[in-house]
1. Set the bar at 24 Å for Cα to Cα. Now go through 19/134; 277/342; 56/132; 193/277; 56/300; 134/326 and name every pair that lies beyond it.
2. Please list, in order along region 31-43, the HN-Hα scalar couplings obtained from phi with the Karplus expression 6.51 cos²θ - 1.76 cosθ + 1.60 (θ = phi - 60°), rounded to whole Hz, x for Gly and Pro.
3. If you put +1 on each Lys and Arg Cβ and -1 on each Asp and Glu Cβ, how big is the dipole of the chain around its Cα centre, in Debye rounded to 20?
4. With unit charges on the beta carbons (Lys and Arg positive, Asp and Glu negative) and the dipole taken about the Cα centre of region 1-120, which residue among 61, 113, 26 sits farthest to the positive side?
5. For the chain, take the longest principal axis of its alpha carbons; what is the angle in degrees between that and the long axis of helix 281-300, to the nearest 10 within 0 to 90?
6. What distance in nm lies between label points placed 7 Å from Cα along the C-beta direction at residue 303 and residue 265?
7. Taking a label point 7 Å from the Cα of residue 228 along the Cα→Cβ vector, which residues of region 270-296 have an amide N closer than 18 Å to it?
8. Whole number in Å², please: accessible area per residue of the chain, 1.4 Å probe, ligands, DNA and RNA not counted.
Amino acid sequence: MLLPNLAHPAAPSLHEAFKEDFSVGASLGSMSAFDAAERALIVREFNVITSENNLKPARVQPTEGVFTFAEGDALVAFAQEHGIPVTGHTLAWHQATPDWFFVDGDKPASRDLLLQRLRAHIHAVVGHFRGKIKGWDIVNEGLSDKPDEYLRPNKWQQLVGDDYIAQAFAFAHVADPDAELYFNDYGNEYPHKRAKTLRLIKDLQARGLRVDGVGMQLHLQLDRIPYEEIDRSLTAFRALGVKVMITELDLDLVERSVWGADTAEHEEPTATNLGWKDAPPELLQRQAEQYAKLFALLRKHRDIIDRVTFWNLHDGKSWLNNWPVKGRINHPLLFDRALQPKPAYHAVLKIGNAARN
Ligand code: 9MR
């Protein structure tokens, strides 16, 4: 398979084009699912990697006390071989977490038992990768989607209380004192989650906890990118004195009625939500323009943005082929299914190569 830019070997790759600004990354699933051409593409274009699924609690500790690190080890080994830093994702979440965490026989687990399990999980996982994983999404999607509610009422919050987040940060810092610690969420470009992010990070800081960064996922939809809101959140987060990471970027081309990125939501197939084998060229063009406008905005905030990570490598591997409807054919990333750069790739690269002011 051809790699991008082979006709122009001198052309910089994505991460080279943005080297003055931020790292550019991709999330990856199981390494065994990436062939040689895909691996070459990863190494050429990206200089930071996130584990998409294989470090989630359901994968790592499916049964209490039984840890499986093989997939995570393979990803870290690949990254180390190429000198690429890895982000661990994620330790406390309302999804991909086995039920056993939350029960004690036929009763709900007590606060103490759940905290003991949270501590044991974090110590085992962060400890296993100590010195090998640069930073962790400690808590994922902990903020409520409801404007008037602060934290998402997930089982952690219900059974432990609001301080499960602080506890998780504290455990992780003990497990690897050198690891960076992040809070990751979607929708924090919008005012209510922006305000809650500020409240949460300030609360963690007031408790004297280490917090290195806020993750803005940015699962975006064509023609609906809230540029101004993203700009406002970046400006607001600057005051926190932490890094901002764009952690799960993609730009959905196919219609959907569900907002955000909650995997619990589903939608029935319709005439228009299943996508196309070949994306309409005019949509790919709009996608290119919108990605470019976004990267210009992100570059404006390069003093606080540490990295911009796409949610997987190419269109064929995107979660958006299976959400919110199973079996749709989506085109949300910069490379197509044949690993070829799309118009969006060239448009983004152009922003990276443009003069800095
Ligand atoms: O892309 C991930 C998909 O393959 C998984 O099935 C799903 C459930 O574990 O999680 C997806 O990734 C999510 C990420 O972990 C957190 N933010 C939203 C992402 C898309 O759902």
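The values are calculated or read from the model by the stated rules, or taken from the named source; none is laboratory data. This structure is a prediction, so every number in the text was calculated from the model and none was measured. All Cβ positions, glycine included, derive from the backbone under ideal geometry; neighbour counts span all protein chains shown. Accessible surface is based on the protein model in full, side chains and every heavy atom, while ligands, DNA and RNA are left aside. Shrake-Rupley method; radii C 1.70, N 1.55, O 1.52, S 1.80 Å.
1. On the way: 19/134 19 Å; 277/342 15 Å; 56/132 17 Å; 193/277 35 Å; 56/300 33 Å; 134/326 34 Å.
In this structure, 193/277; 56/300; 134/326 exceed 24 Å between Cα atoms.
2. 3J(HN,Hα) across region 31-43, in whole Hz: 4, 5, 8, 10, 7, 4, 5, 5, 5, 5, 5, 4, 5.
3. Values: 41 positive and 48 negative charges, 137 e Å.
So the dipole magnitude of the chain works out to roughly 660 debye.
4. 113
5. Taking the Cα atoms of the chain, the angle to 281-300 is about 60 degrees.
6. Inter-label distance under the simple model: 3.5 nm.
7. 293-294
8. On the way: 14430 Å² over 357 residues.
Heavy-atom SASA per residue in the chain reads 40 Å².
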